[in-house]
Structures are given as C-alpha cells and as structure tokens.
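Accompanying notes for the structure given below.
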Amino acid sequence: MIIKFIAAAVLAGTPLLFGTVGEILNERVGHLNLGVEGMMSIGACAGFMVGYITDSFALAIIAAFLGGALSALIYAVLTVTFFANQNVTGLTLTIFGIGLSNFVGVYMIGKSPDKTLKLPENITAQMRSVNFFGLEELPVVGELFFSYNPFVYIGIIIALICAYYLHHTKMGLNVRAIGENPGAADAAGIKVTMLKYINIIIGGGICGIGGAYCAMINNGGVWISDNVGGLGWIAVALVIFAAWKPNYAILGSFVFGGLRILKFYAPKSIFPFPNAFYDMLPFLITAIVLVASSMKKSGGAQIPASLGLNYFREER
C-alpha cells in the first residue's frame, strides 16, 4: 500500500513540479508571475489539441511548451518593457489563459462528430509509460522508479537542469544577481532585460508542459474544461516551500501530490473525514505555507530581494 501511495503521489505531483520550476525561473529574475494557472491552461490546450490533430506525443509536448512560452511573452512585454504591475498582469494572464483554453475546447468539441474530444489510441499508448527493458517488472524498485509516464522523467530532468543552470553556471549567477539587485547587475554589465525575458519565457514554457499533463494524463485523454483545476496556485506557494531551488521542488511537488491523492489511501476507520476535506487539504496547506513564510522573521534570506518590483533603468 505504501509503495502504491508513493507512486501515485509522484504522478499527482508531476504537474506541480512543472509549474513550480517554471515559476522559480520567473521569480529568480524578480518577477512574481501569478499567471501560472493561465500559462498551464494555455499549454494544456495547445498540447492536447496538437496531440489530438497530429497523433504525435513529441509535437504535443513542443506545442504545450510554445503555448506556455507565448503566454509568458505577453507577461514579459507588459512587465519588463512597459513596467505594468506584476500582480495585476499575472492575475489577468490567469483569467485570459483559462478563458482562452475553455473557448478553444468548446469550439473543437462543437466541430467533433461525436461532440467529444479524446486523444487517439496511438498517442495514449505513447504516454502510458517508458520502456526500461524489463526494469519496471522488478519488485518495489520497479514500481518506485521505472513505472511512470514520460512526463515524470521529463519534469525531473528539467528540474535538475534548471538547478544546475541557476547554481553552477555564470548565466545562473547573473540571473540570481538580477533577482537580488537589478541595478547593481546592470552596472556590472549584465544584460538585465535580456535575461529577464529569457527566464520568464522559458519558465512559462515549462509551466505549459505541466498544463499538458493535466489535460492529457489526469483526465484520461479526454478534454474537459478547467482541467488545470487550481494547481497553478499551489505551484506558486510551492516555490516558497522549495526555497526557490528547482531540485527542492522535486520533493515538494511529490509531497503535495501525496496530499492530492490522500483521500484514496487514508483509512476511513482512522480518518473519518469526508472527501471534500481531502480535496481542500492541498489548498489549506498552501495557505499555511504562505502565512508561515510571511511571519517567519529569517525567511526573507531566500527570497529574491527585488521580487515583485519592476526595474526602471533610469533610476539606478
């Protein structure tokens, strides 16, 4: 039972991993992007529809990344170039992304002969699992490490690459310097605007892949509206839980994934709570994390100092 719970927690936490890592890249350059839910929704729509039309898993992943990246580009233009309020822009992006995704979904369903959208069997088979040449059959180890769909391994690889990028490369050091003090970074010759755009756009693309997971895996390959279901908001809080480190986001996302599926594994005789309580639990813990981080006196050491503040080059 414990092994099955851990494996299910990994699957349930994978979309959170994409959203968290994408948001970390945004926040590391000083941009609090509250549009994670919107970027994931647009990525979900782009990935699902391209997969539905082309029957190609690879093209679906690329489309999801591009959908999230293009939506992040809108945010970047407004906040980096035109100095729009980051919070308002992010919230607007969320509303826009969810609305656009639902609109396209309804339009495509209307064009479908049977008034439903279901991914072709070929692409569904590609998404089920990765072939590890029999390792998935090993007891315990096989189920824990080799039994997941490709999204899981893509997410872990992206998180580790981003962790290396931020903490072991010169560009990553420049990115962190921008998040702390963009004026000083600019004076040191770092291309602040360029790196802000790069990180925001790539972060949005990663969020888009997480949205594709929601649309293509969570719903069994059938399109439904509002398929991200609030996971983008949990991802924003998970950034704090992960201390703005992509490698920590791996553990954090799987912990919150466990909270999402706890209702299926908690013994009713010991925990006689209604299912609605367990549905609420991830959002309750999210709120607690946000409150605790704001009250903790020493917690600011990890937060990028310029987070949420637009950089006006003329004022440095």
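Taking the Cα atoms of the chain alone, what are Rg (to one decimal) and Dmax (as a whole number) in Å?
19.7, 64
Please compute the Cα-Cα pair-distance distribution of segment 131-248 with 5 Å bins starting at 0, giving whole percents from short to long.
Using 5 Å bins, I get a P(r) of 2, 9, 14, 18, 17, 14, 11, 7, 4, 3, 1, 0 for segment 131-248.
At 1.4 Å probe size, with the rest of the protein present, what percent of the exposed accessible area of the chain is carbon and sulfur atoms?
71 percent
Which order do LEU138, LEU16, LEU251 take by accessible area at a 1.4 Å probe, largest first?
Numbers: LEU138 80, LEU16 0, LEU251 120 Å².
Final ranking, largest accessible area leading: LEU251, LEU138, LEU16.
Bins of 5 Å, beginning at zero and ending with the bin holding the largest distance: percent of Cα pairs per bin for segment 1-70, please.
The percentages, shortest bin first, are 4, 16, 18, 20, 16, 13, 9, 3, 0.
For the chain, with a Gaussian network of springs between Cα atoms less than 10 Å apart, report the residue from PRO120, PRO15, PRO182 with the top mean-square fluctuation.
Among PRO120, PRO15, PRO182, the largest mean-square fluctuation in the Gaussian network model of the chain belongs to PRO120.
Which value, in Å², gives the accessible area per residue of the chain when a 1.4 Å probe is used on the protein heavy atoms? Provide the component values of the computation, followed by the final result.
Numbers: 14520 Å² over 316 residues.
For the chain, the per-residue accessible area is 46 Å².
Residue farthest toward the positive end of the dipole of the chain, with Cβ of Lys/Arg at +1 and Asp/Glu at -1: which of ALA163, PRO15, LEU309?
Final value for the positive-end residue is LEU309.
By average Cβ neighbour count within 10 Å, what is the ranking of 153-161, 82-90, 215-223, 20-28 from highest down?
On the way: 153-161: 17.8, 82-90: 16.1, 215-223: 19.9, 20-28: 30.6.
Taking the mean over residues of other Cβ atoms within 10 Å, the ranking is 20-28, 215-223, 153-161, 82-90.
What helices in the chain pass both tests, a Cα length along the helix axis of 20 Å or more and a mean Kyte hydropathy of -1.0 or higher, using whole DSSP H runs? Don't skip to the end; give the middle numbers.
Details: long enough: 2-28 (36 Å, 1.16); 36-54 (26 Å, 1.27); 57-76 (28 Å, 2.20); 86-111 (37 Å, 0.94); 150-168 (26 Å, 1.63); 192-213 (32 Å, 1.28); 246-260 (21 Å, 0.72); 275-295 (31 Å, 1.50).
Passing helices, by number: 2-28, 36-54, 57-76, 86-111, 150-168, 192-213, 246-260, 275-295.
Within straight cross-link reach of LYS4, meaning Cα distance under 18 Å, which lysines are found once same-chain residues fewer than 8 apart are removed?
Partners within reach: LYS263, LYS268.
Between GLY205, GLY172, GLY142, where does the largest GNM mean-square fluctuation fall for the chain, given springs only between Cα atoms within less than 10 Å?
Comparing GLY205, GLY172, GLY142 in the GNM, the peak value goes to GLY142.
Please give the calculated 222 nm ellipticity per residue for the chain, where each DSSP H segment of at least 4 residues contributes -39500 (n - 2.57) and the sum is spread over every residue; nearest 500 deg cm²/dmol? Mind dumping the intermediate values first?
On the way: 13 runs with 210 residues, N = 316.
Mean residue ellipticity at 222 nm (helix-derived): -22000 deg cm²/dmol.
The values are calculated or read from the model by the stated rules, or taken from the named source; none is laboratory data. In this text the structure is predicted, and so the values were computed from the model without any measurement. In this analysis, Cβ positions are derived from the backbone assuming ideal geometry, glycine residues included, and neighbour counts consider all displayed protein chains. The protein model used for the area step is the full one, side chains on, heavy atoms only, and it has no ligands, DNA or RNA in it. Shrake-Rupley method; radii C 1.70, N 1.55, O 1.52, S 1.80 Å.
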